[in-house]
Every structure is written in C-alpha cells, then in structure tokens.
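One structure is given here, and the rest of the page talks about it.
The values are calculated or read from the model by the stated rules, or taken from the named source; none is laboratory data. Treat the numbers as computed from the prediction; the structure is a model and nothing was measured. Here the Cβ positions follow ideal geometry from the backbone for every residue, glycine too, while neighbour counts run over all protein chains shown. Note: accessible area is taken over every heavy atom of the protein model, side chains too, but ligands, DNA and RNA are not part of it. Shrake-Rupley method; radii C 1.70, N 1.55, O 1.52, S 1.80 Å.
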Amino acid sequence: MFMIKVNIKEASSHLSRYVDGLRDGDSILLCKRNQPVAEIRPVSTLSGEPRPIGLGKDVFQVPDSFFEELPDDVVAMFNGE
C-alpha cells in the first residue's frame with residue numbers, strides 16, 4: 001500500500017502521471033495548502049462475468065403499495081410544481 005501526498009497545483013500539472021502509477025491499495029492524497037481535501041484511489045476492476053439473475057430472490061419483495069398511484073403533491077414535485 002502506497003500513498004502519495006501532493007498539492008492540487010502539482011497534481012493538476014502531472015495528474016495523468018500520478019494516476020498511471022496507481023496500483024490496488026495505492027492512493028493519492030490531494031492537499032490544498034498542505035491540508036488534505038480529497039483522495040484518489042483506483043476503481044476496482046469488474047470481473048467481466050455476467051451477474052446472475054435473481055440474487056435478491058427471497059431477500060427482498062416489492063410491496064403491493066409500490067404499484068399504487070403517487071399522491072398528487074409528490075407528482076407535483078416531480079413536475080417541478
């Protein structure tokens with residue numbers, strides 16, 4: 001595991017170089033005036049395998065109320081009223 005601490009100005013000039021060097025478990029700590037403000041970590045890679053259907057079977061059930069009409073005030077909010 002490796003963490004790089006870099007100020008935003010430096011990171012903006014060489015961000016691609018820093019990101020290209022990231023490995024699993026590594027991170028880049030972005031700082032503003034030497035105070036940490038954000039962290040950049042690599043995204044875990046997907047397996048490439050299709051997800052199996054029915055993972056939530058018997059774990060979650062859609063309640064009958066899901067299919068009922070929404071109240072008028074909620075519909076109005078969706079319409080920006």
Within segment 51-66, can one find any residue that is assigned to a loop (DSSP other than H, G, I, E, B), within 30 Å of Ile4 (Cα to Cα) and of a type in the set (Val, Ile, Thr)?
-> no
Check Arg33, Arg17 and return the single one that is open to solvent by 100 Å² or more (accessible area, probe 1.4 Å) and free of Cβ contacts under 8 Å to residues at least 12 places away in the same chain.
-> Arg17
Scanning segment 15-50 for residues that are touching a strand residue (DSSP E or B) at 6+ places or on another chain (Cβ under 8 Å) and either in a strand (DSSP E or B) or under 10 Å from Lys5 (Cα atoms) (or both) gives Ser27, Ile28, Leu29, Leu30, Cys31, Lys32, Asn34, Pro36, Val37, Ala38, Glu39, Ile40
